[in-house]
Structures are given as C-alpha cells and as structure tokens.
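Rule-based calculations on the coordinates, nothing more; no lab input. Please read all numbers here as calculations on a predicted model, not as lab measurements. Here Cβ is always computed from backbone atoms with ideal geometry, including for glycine, and neighbour counts include all displayed protein chains.
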Amino acid sequence: MQRLLSSRHVTGWLLALPLALVLVLFLILPIILIVVVSFWTATEFSIVPAFSFENYEFLFGSAVTFSVFLNTFKYALVTWVFTLGIGFTVAYFLAFHVRSQNWQTALFLLCTIPFWTSNIIRMISWIPFLGRNGIANSTLLSWGVIDEPLEWLLFSDFSVVLAFVHLYTLFMVVPIFNTMMRIDRSLIEAARDAGASGGQILWNIILPLTKPGIMIGTIFVVTLVMGDFITVRFMSGSQSANVGRLISNDIGLLQYPSASATAVVLLATVLIMIAVMMRFVDIRKEL
C-alpha cells in the first residue's frame, strides 16, 4: 500500500511538472527579471547593471507619480462601482427571472457578442459617437436638450470610464452569474413562505451568497483597469494618465529600470489589494 501511494505521489508530480515549467519560464522568471532590472540605473545612452534605489527614490518622492497613482485608483474605483451595478443586475435577471435554460444561454451569449471583436475596435467605436459632431451631440441638439455641443463627452475622464465599463462589465457578470446559479432555490422559497419581501431576500440571502462571485469579478475588473494604458491614452486624448501609461512612456524612452520599478510597485499594490479582499471572502470554493 505504501509503495502504491508513493508511486501515485511521483506520478502526480510528473504530471504537474510540464505546467510548473511553463509557469516558471513565462511567469516567475520574467517577474524576477523585472524586479532585478528595477534596481539598475539608466543614462541617456546605456543601462548600468548596478544595484541602486534611485528608481524607487524618484518614484516615491515624485508628486507626479503620486498623482498618477491616485488617478489610477480613481479610474479603478469608479469603474468597479458601475461594473458591479450593471453586472449584478444582469446576472440577477439571468439567474432568477429567466426560467428557461435555453434562454439563459442565448441571452448570456448575447452579452458576449462584443467580445468577438478587438478591445481597441470596441473602444474607438465610442469616438464618433461621443465627438463634438458625433451622434450623441447631434441627437441632443436636434431634440433641443442642449444649445451647443458638450465638450466633456469625449477626451475626458467620462469617456475613459465609459470605455472601461464597456470593456470590462462582462468580467463582473460571469462570476456573479455563476455564483447565483449555485444558490439553492429552496432557501428563497423558504424565505418567501416566512413572509420575507423581495428586498429582504436580496439583501439577506442572495447578496451574502453572491459575495465570492462579486469578489472574483472585482479582482478581474480592478486588475484589468489598473494595468490598462491604451484606453486611457485614446479616450482621454492623451490629456490624462495612469500607471500603465507611465510604464509605457518609460519603455518608449528606453528607461527600462524606471519602467520596471513602476511595474513592481503596481504589482505589489494590486497583490496587496487582492490579499485584503481575500481576507473578507473565501473565493477558493468558487474556483
């Protein structure tokens, strides 16, 4: 028996070895290299592989960097609020108001149709809609709602958040819907028989049982928004910045040590946020 268990143990490790090698080569090793390069210094013409805290000192001592990180958190927070509201509503409708499984599948696939195209195409499709002479302004002018075109519809924080919500809402819908489908319907029926109202059922039963899905969706949305840079660049008209754009600009200037230091701080920030969220909700049972 002991020999059989030992054989199974070895077989398990051998089966996991290819995936472990892939993770080490394409995830762990690149992260280690980024951390190492973040302690190097760079001149106008070369990169000096000498240990130094110069990049981190500049990063934490710069008011511009602080402002960019604050702007990134702002985008992440506002996007999270809207994606959570929309995602929870859509998932609730699909899970509890659509009785037919075929209709649930059809409507869920309908939500994924925008993902059949590129993120960039879906993002820039808002530009002709929100522009000064775009569809939105033209419609509002023709209805007499406004007297002149609204300038803040495009190349502003509004357009950036709108694009983020459009791009990432489905990442909130999927885990919440998956969690709601696992809720035992007999709990809801028992609550109704006990005289609970729809609001009480939502607040005391559905919402607590949906927390793991909400947390998974939150992790997806927050990490995607904080790492995104192309959306902020196009939808703000290069008038705003986030950490992703800061890293992209440093790479464009061949300042790889500075870009690596910013990436390390961003990665550490995201990991801390995820660790804090996982302290409140155990998402492992949903994985």
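Among the residues of segment 45-69, which ones are part of a helix (DSSP H, G or I), within 17 Å of V264 (Cβ to Cβ) and small (G, A, S)?
Answer for segment 45-69, where residues must be part of a helix (DSSP H, G or I), within 17 Å of V264 (Cβ to Cβ) and small (G, A, S): just G61.
Of all residues in segment 162-200, count the ones that are within 30 Å of R122 (Cα to Cα) and over 29 Å from the mean Cα position of the chain (by Cα).
0
Quick one: in segment 158-170, of everything that is of a type in the set (F, W, Y) and over 16 Å from I113 (Cβ atoms), which residue is surrounded by the most Cβ atoms within 10 Å (Cβ to Cβ)?
F164
Give G87, G131 a once-over and let me know the one that is surrounded by 16 or more Cβ atoms within 10 Å (Cβ to Cβ), small (G, A, S) and touching a Gly at 6+ places or on another chain (Cβ under 7 Å).
None of the other options fit; the residue is G87.
Criterion first (at positive phi and in contact with a Gly (Cβ under 9 Å, 6 or more places away or on another chain)) does F155 satisfy it?
Spelling it out, F155 is indeed at positive phi and in contact with a Gly (Cβ under 9 Å, 6 or more places away or on another chain).
For the condition closer than 30 Å to I230 by Cβ, aliphatic (A, V, I, L, M) and free of Cβ contacts under 8 Å to residues at least 60 places away in the same chain, what is the one hit in L141, L153, L167, L162?
L153
At least 3 residues that are without any contact (Cβ under 8 Å) to a residue 24 or more places away in the chain, surrounded by fewer than 19 Cβ atoms within 10 Å (Cβ to Cβ) and of a type in the set (A, V, I, L, M, F, W, C) in each: list the helices (runs of 4 or more DSSP H) lying fully within segment 171-285 that qualify.
Those helices (runs of 4 or more DSSP H) span 185-193, 256-280.
Going by the structure shown, is T72 closer than 20 Å to I251 by Cα and touching an Asp or Glu at 6+ places or on another chain (Cβ under 8 Å)?
The answer is no for T72.
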